[in-house]
Structures are given as structure tokens and as C-alpha cells.
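As C-alpha cells, the structure follows; a few thoughts come after it.
The values are calculated or read from the model by the stated rules, or taken from the named source; none is laboratory data. Quick caveat: nothing in here was measured; it's all calculated off a predicted structure. Note: ideal-geometry Cβ built from the backbone for every residue, glycine included; neighbour counts use all protein chains shown. For accessibility, only protein heavy atoms count, side chains too; no ligands or nucleic acids. Shrake-Rupley method; radii C 1.70, N 1.55, O 1.52, S 1.80 Å.
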Amino acid sequence: MSCVAAAAATTYVHSDSNVQEEEDGGDDGDNNGDDKCSATARGARDGATMASVPATLLANDSSTSSSSTVKPCPLRAPLVVTVVGLPCRGKSLAAHKVARHLSWRGESAKVFTVDENATNETLSEISLFFKEGNNVAIIDGMHLTRASRQTVATFCCEAVFHHLLIEFTCNDKCLQENVTDTVQFYRQLEQNADWERRFRERNEHHTPQFEPCSPLEGPLITVNNSEDPMYHSVTARGVRGAIQTAILGVLASPVIRQQTFYFSRHGESEYNVLGRIGGDADLSPRGMKYADRLARQLGGPGSAPDSPRPKVIWTSELRRTIHTVHNIPGPRAAIKDLNEINAGICEGLTYEEIQERFPQEFAWRDQDKFKYRYPHGESYLDLLQRVDSVVQALLTNTDVLVVSHQAVLRCIMAYFKGVKPDDVPYINVPLHTLLIVRSYGYDFVVETVPLKVECVDTYRIQPKNCSTSRTTADALTTVPAHFDAPLTQQMSTTIS
């Protein structure tokens with residue numbers, strides 16, 4: 001296709017004379033709802049621009065008359081994110097944090113690491129990545145010059161992809177902390193190299209080349225990085241659509257380089273012993289024993305002097321979690337979003353009772369456990385959205401103990417383990433086990449510590465045969481009278 005933005009790229013790279021005119025220009029009111037490969041597509045919803053085109057170029061170029069056609073960019077077109085900034089500004093940590101969050105929320109995101117700028121080979125890999133059905137590519141490099149960024153912008157325009165720029169800066173204190181942290185990490189890989197000198201020389205070499213991003217280059221997020229939330233700041237221009245807004249939300253929180261989290265289910269409950277789900281049952285005798293053992297592990301009575309001590313403790317609002325942390329010292333909060341998944345009409349039942357009373361419901365849940373929603377209850381998909389705020393709050397802290405429930409912790413652990421949404425319901429989070437999560441570079445390492453207190457096993461493997469011996473019509477006869485609609489009608493919205 002012939003792309004106006006691509007044709008104008010060279011002119012823009014060598015001239016900023018049109019910046020004020022473009023910023024003062026308004027929408028012509030003739031947008032049909034699709035994005036255009038132009039900075040003037042103000043009505044765009046999910047990635048406003050593919051490549052930059054100053055407004056005066058569009059006005060003066062005969063090829064951009066009202067009769068010409070610029071190919072629209074579909075709302076759900078793939079997104080290319082170009083990371084911009086000098087070395088040791090926190091770019092890579094943030095890029096991987098964004099990719100992890102998007103993948104956890106069901107997008108297909110990947111970080112493409114380049115030394116300085118995206119190459120033709122990089123762009124070819126991204127094209128193939130999108131052809132395979134993925135939708136977010138993050139190019140983690142420096143892209144210090146407008147020409148290097150324009151290469152990516154033109155590629156996006158011609159391929160009809162959304163494009164977002166993220167520029168990273170930081171103050172001198174944060175830069176020195178980043179250099180020190182990066183040096184320590186690389187020394188583990190090669191101890192004999194003088195990494196500090198390498199990074200210092202790399203910064204000195206590239207600093208004169210840096211051309212800050214202009215708003216005319218496309219949708220732009222600028223991050224002034226700091227671990228201190230009082231100094232960390234984010235500004236955005238032209239950001240539109242769910243994915244770009246989600247990225248903005250992730251970047252709004254500072255990236256903490258060294259983090260440790262502690263996760264545990266409540267001690268065994270009276271309902272666990274009976275095989276019943278949900279409810280607000282208290283701890284069983286073995287659950288109380290686990291609570292004492294967990295306290296000795298985390299700074300409570302009988303703990304060793306060097307045992308870890310959480311800075312803050314989060315539980316659900318249910319008795320079994322609150323009583324599990326009763327003897328662990330530290331400030332605490334009972335958080336509604338950490339409550340167990342709502343099983344609706346199945347609350348308090350055993351799986352055998354559910355299968356007997358609602359055989360079709362039981363089969364449907366086994367067929368698609370992630371999307372299945374209990375009638376008048378929740379699905380794992382609902383739960384993943386519910387705990388998003390908890391995960392984002394965790395990432396701004398460290399040394400947090402979270403005591404919650406099986407389904408909730410599956411959703412949270414999926415973030416740290418990088419598990420795809422469909423596999424979330426089958427993550428094994430056993431009772432009476434402490435999970436310690438530590439950051440390591442861009443990733444997280446999960447340590448499993450069984451505390452050796454006997455308990456029931458509540459894990460159900462994914463069944464291979466999800467059929468039921470009773471027909472749907474038979475199943476409908478078991479529906480309680482208080483249902484507002486036939487079961488088949490409810491499930492049409494439940495599993496969508």
C-alpha cells in the first residue's frame with residue numbers, strides 16, 4: 001500500500017518546524033471510528049498513530065486530498081511498543097513487567113530485545129509473531145534517534161499495526177542505583193569483567209546521540225523512573241484503547257528491583273475435612289497446628305532470631321485466613337478482593353453433591369473451568385480481574401505475607417509463574433505449604449516450603465472425560481425454583 005506517513009517520514013526526521021501547527025490543529029470531525037496511519041487521526045481508539053505526519057505536510061501534499069484513501073487500522077490490530085531511553089534507565093525491567101501483566105490478562109505479549117535499534121530482522125520476527133495469532137510486541141532497545149524510531153513507525157503504518165512509544169528517563173540518584181543493581185546481576189554471569197566501567201562508558205557514548213521523543217511521533221508515554229513513588233512520574237499523550245491504557249496503568253507504579261513475597265492458603269478448615277467448598281468455616285485442629293507452625297516460620301512465637309518477618313500481612317475477610325495469621329506479628333489488613341471464589345448455588349456443597357444435583361453444571365465446569373461461572377457466583381476469569389488490584393499493589397511493596405484461598409492464590413501465582421489463563425485453574429497450591437516468591441532479574445523464582453502438618457488434599461486434576469450420563473433436559477429438572485431463567489439461557493452468557 002502507499003502510506004502517506006511513510007512518504008513523509010524523511011521530511012519529518014530532519015525538521016521540527018511543524019510541531020506547533022500540529023499541536024494547535026484539531027480533529028476535522030470526519031473520523032469513521034477507525035485509526036489512520038496519521039498523527040491527525042484524533043478519533044482513534046486503540047493506538048492512535050502508526051507513523052508521524054505533520055499536519056502541514058498533509059495539508060500541502062496533493063496525495064493527501066480528501067478523495068485519497070488511507071488504510072484504516074482495525075481496533076484489534078496488533079500493537080508494537082517501541083522502548084526508548086539511554087542505558088540503565090529501567091527500560092528492560094519495565095518492558096518485561098508490562099509483557100508479564102498483559103500475558104497474565106490474556107493478551108499474547110513478547111519482549112524482543114535488541115542492542116540499540118530494531119533491525120529489519122527484528123521487524124520480520126515481529127511480523128511472524130503476529131501471523132501466529134499474537135498481538136503485542138515490545139521492542140526493548142534504546143532507539144535514541146528519531147530516524148531509528150521512524151523506521152518502526154513506518155513499518156507499523158505499512159503493515160497496519162498500532163504503535164506506541166515509551167520513553168524512560170531517571171534522575172542521577174536512580175541512575176546510580178540502576179547501574180549498581182545491573183552490575184551486581186551481570187557479575188553473577190561473568191565475575192572478571194569490569195561491568196561498572198562498561199556501563200559508564202556506554203552511557204557517555206550514547207548520551208550525545210539522544211533525541212527525546214516528540215508528541216508528533218505518535219502515542220507517547222514518558223516515564224521518569226524511580227523506586228520512590230514520590231519521584232516516580234508518568235505522562236501520556238495520545239494513548240487510547242484498552243491495551244495501551246493497561247500499559248499506562250502498569251507503568252504508573254514504580255518498579256521495585258528486589259522483592260520477596262510470602263503466600264499461603266489458610267490452614268485446613270472444617271469444610272476442607274468434609275470436602276465442602278466455599279463458606280466461612282473455621283480452622284480444623286490440624287489447621288490450628290499449621291497456623292502455629294507458620295508463625296514459627298515467620299517471626300512469631302518460637303521462631304529463630306534470623307527468621308523472615310513480613311512487613312505487612314494481607315488476608316481475606318474469612319475466619320480461616322484471619323485465624324491462620326493470628327500469631328504472626330505485623331500490621332495486617334483483611335481485603336475483600338482476597339475472598340475465595342464465589343461458588344453461588346454450590347456454596348457449602350461437596351463435589352459429589354454438585355455432580356448429583358447439577359450434573360450438567362458439573363460437566364460444563366470441567367469442560368472450561370477458567371470461563372465457567374457458578375450460577376449466581378464467579379468464574380476464574382472474574383477472579384483474575386478481581387485480584388488484578390491486589391497484584392498491582394503487591395508490586396509496589398516487598399516482604400508481604402498473603403494468606404488467602406486456593407482459587408485466589410492460583411490467579412496470583414499465575415502472574416509470577418507466567419501461566420496462561422486457561423491453565424490457571426490447575427495450578428497446584430496445596431494446603432499447609434508456604435510459597436516464597438523472589439524477584440530475579442526480569443523474572444520471579446518460586447520456592448515451595450511444605451511445613452509438614454498433615455492435611456487433606458483438595459487438588460482435582462483436569463478430567464479427560466467431561467461428559468455426563470444425564471441429558472441437559474434431565475439436568476434442568478434439578479434447577480432450584482429460585483432460578484430467574486432456564487439454565488441453558490444462563491449458561492449462554494456465563495461461558496461466553
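Before moving on, here are some points about what is shown:
- Across the alpha-carbon atoms of the range 188-340, the computed radius of gyration and Dmax are 23.9, 69 angstrom.
- Among beta bridges that DSSP assigns inside the range 259-477, antiparallel share in %, nearest 5: 55
- The range 79-255 - share of DSSP beta bridges that are antiparallel (%, nearest 5): 20
- Count of lysine pairs in the range 259-477 with Cα separation under 21 Å (8 or more residues apart, or interchain): 9
- For the range 135-199, applying the loop criterion from DSSP together with a ceiling of 15 other beta carbons within 10 Å to the GluC sites (Glu not before Pro) yields 190.
- Residues in the range 266-301 reached by a label modelled at residue 334 [backbone nitrogen below 14 Å; 7 Å Cα→Cβ]: 280-283
- Spatial separation of Cα centroids for the range 420-439 and the range 321-347, in angstrom: 17
- Magnitude of the charge dipole for the range 189-229, about its Cα centre and with charges confined to Cβ atoms of Lys, Arg (+1) and Asp, Glu (-1), is about 100 debye.
- Separation of the residue 205 and residue 456 label points, Cα + 7 Å toward Cβ, nm: 6.3
- Rounded accessible area per residue of the range 259-477, 1.4 Å, Å²: 44
- Over 24 Å [Cα-Cα, the range 79-255], rounded percent: 35
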